[in-house]
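The values are calculated or read from the model by the stated rules, or taken from the named source; none is laboratory data. Keep in mind it's a predicted model, so treat the numbers as computed, not measured. Neighbour counts run over all protein chains shown; Cβ positions are idealised from the backbone, glycine included.
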Amino acid sequence: MSVGEYLNKTEDELHALLGASLLGDTLGAAPSDPDLPRRFGQEWFNGQLDALRSRICGHERLKAVAGTSPSDRVIDAYALSDILGNFGGDPTKAALVAVLVARIGVGALCSGHRPLP
């Protein structure tokens, strides 16, 4: 799936899709905890924030398009998806992460970010 297919999903739906993608076949046919993919996806995403900041903040391409309005965030999601490429191991995970980051806002993600030495 691509960014456009995720834009109208809720954050819980995005986290669940991300978690299911990360967990893959380990869930089996019917997981005993139906909320596991959402929680796993959310925890994984939160654990990746420093790596995302390092990859995103200060990126020249994003400086030109980063905004705060809802329409700017759609543009941000597409630009982020291109920048992230195969973040998380494949373009589908990168698209999910791009939409989640765009929801946070690039400015909010990067505020207080200090470049790594």
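Couple of notes before you dig in:
- Contact annotation: residue pairs with Cβ atoms under 7 Å, 6 or more positions apart or on different chains, pairing a residue in the stretch 89-113 that is in contact (Cβ under 8 Å) with a residue 12 or more places away in the chain with a partner that is assigned to a loop (DSSP other than H, G, I, E, B) and of a type in the set (Gly, Ala, Ser), are 94/85; 95/2; 106/66; 107/66.
- The condition (being modelled with pLDDT of 70 or more and exposed (fewer than 12 other Cβ atoms within 10 Å of the Cβ)) is satisfied by just one residue among 112, 89, 107: 89.
- Counted residues, the stretch 58-86 - those being over 24 Å from residue 38 (Cβ atoms), of a type in the set (Ser, Thr, Tyr) and either at pLDDT 85 or above or buried (at least 20 other Cβ atoms within 10 Å of the Cβ) (or both): 1
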